[in-house]
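Notes to accompany the following structure.
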Amino acid sequence: MNSSGQSSSKFRRLWEVLTTTLTGSIPDLFGGARVRSLVYSTILKKLGASTYIQSGVELLGGWAITLESSVSLFNGVRIDARGPDNEVYIGSDTSLQRGVEIRALKRSRVHLGQRVFIGSCTYLAGPGNIEIGDNCSIAAHCGIFANQHKFDDPTLGPNDQGLTWQGIVIEKNCWIGHGVSILDGVTIGEGSVIGAGAVVTQTIPSYSIAVGVPAKVIKRRDVTHEPVDN
């Protein structure tokens, strides 16, 4: 990056910090949500109409964050898109409940479709891309981890060996239960249901019901609802 680009990046970050510091904690009772809906358009890549940003929301790298219309971000939400070529896109009518954290790392893309619900204290992290389709519901305390620590060398700790990543896809109309962990490289097919507490380590076919650690398909969501042979 040349000196002009560095100066521009520093100015954007300074303006972002100034804007969020001055307006980010104003309570809704005193018009905080309305103020943020106006001024946050200056720090985000796109801010759609009727978007609700509650006090206590933290947005980092706003120039790479798109919020479409009628998005709701509640207290404690943290979205970090800092770094070159990262992108966070949140589709219209999507709701992020209290304490949801999204981290785009190392040129990654996090894409949430329309009418997605993400429950409290759920965590999504790259650097692999994460794609969640329309009409998905993800319960509280889930973890969606698009990365894996290398651990081949037993003489080194995992923090000294770097990461690998492939990405995660959750197709449309899925329901992810409370406390589910979804690991890197997984695709959850359209219309699937993942039971509470499951750990998803491999791809789940469309219209499946999967439970357990590791998650296994126990039933298909079809007219017969016949169990699956294991």
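I'd like the full set of residues that are in contact with a strand residue (DSSP E or B) (Cβ under 7 Å, 6 or more places away or on another chain), open to solvent by 10 Å² or more (accessible area, probe 1.4 Å) and more than 10 Å from Cys142 (Cβ to Cβ), limited to the range 172-204.
Result: Trp175, Leu183, Asp184, Thr187, Val193, Gly195, Val199, Thr201, Thr203.
Within the range 134-155, take every residue that is open to solvent by 80 Å² or more (accessible area, probe 1.4 Å) and in a loop (DSSP other than H, G, I, E, B) and give me the one that is farthest from Val180 (Cα to Cα).
Ranking the candidates gives Thr155 first.
What number of residues in the range 156-171 are open to solvent by 20 Å² or more (accessible area, probe 1.4 Å), touching a strand residue (DSSP E or B) at 6+ places or on another chain (Cβ under 6 Å) and either modelled with pLDDT of 95 or more or in a loop (DSSP other than H, G, I, E, B) (or both)?
Of the residues in the range 156-171, 1 are open to solvent by 20 Å² or more (accessible area, probe 1.4 Å), touching a strand residue (DSSP E or B) at 6+ places or on another chain (Cβ under 6 Å) and either modelled with pLDDT of 95 or more or in a loop (DSSP other than H, G, I, E, B) (or both).
Restricting the search to the range 110-120, which residues are within 14 Å of Ser137 (Cα to Cα) and open to solvent by 10 Å² or more (accessible area, probe 1.4 Å)? Even if it seems obvious, please write down each step before you answer.
First pass over the range 110-120, keeping only residues within 14 Å of Ser137 (Cα to Cα): 112-120.
Across the range 110-120, the qualifying residues are Gln114, Arg115, Phe117, Ser120.
Would you point out which residue out of Ser92, Ser72, Ser50 is at pLDDT 95 or above, in contact with a Phe, Trp or Tyr (Cβ under 7 Å, 6 or more places away or on another chain) and among the small types (Gly, Ala, Ser)?
Ser72
What about Lys219, is it on the phi < 0 side of the Ramachandran plot, assigned to a loop (DSSP other than H, G, I, E, B) and not acidic (Asp, Glu)?
In short, no.
I need every pair where a residue in the range 75-91 that is more than 17 Å from Thr51 (Cβ to Cβ) has its Cβ under 6 Å from the Cβ of a residue that is of a type in the set (A, V, I, L, M, F, W, C) and not in a loop (DSSP other than H, G, I, E, B), sequence separation at least 6 or different chains.
Every condition considered, the pairs that remain are Asp80/Leu60; Arg82/Leu60; Asn86/Ala64; Glu87/Ala64.
Do any residues in the range 185-197 that are in a loop (DSSP other than H, G, I, E, B) have Cβ atoms under 9 Å from those of residues that are at pLDDT 95 or above and of a type in the set (D, E, K, R), where the two are at least six apart or on different chains, and which pairs are they?
From residues that are in a loop (DSSP other than H, G, I, E, B), the pairs are Gly189/Glu171; Glu190/Glu171; Glu190/Lys172; Gly191/Glu171; Gly191/Lys172; Ser192/Glu171.
The values are calculated or read from the model by the stated rules, or taken from the named source; none is laboratory data. This structure is a prediction, so every number in the text was calculated from the model and none was measured. Note: ideal-geometry Cβ built from the backbone for every residue, glycine included; neighbour counts use all protein chains shown. Protein only, heavy atoms only, side chains kept; ligands, DNA and RNA dropped before computing areas. Shrake-Rupley method; radii C 1.70, N 1.55, O 1.52, S 1.80 Å.
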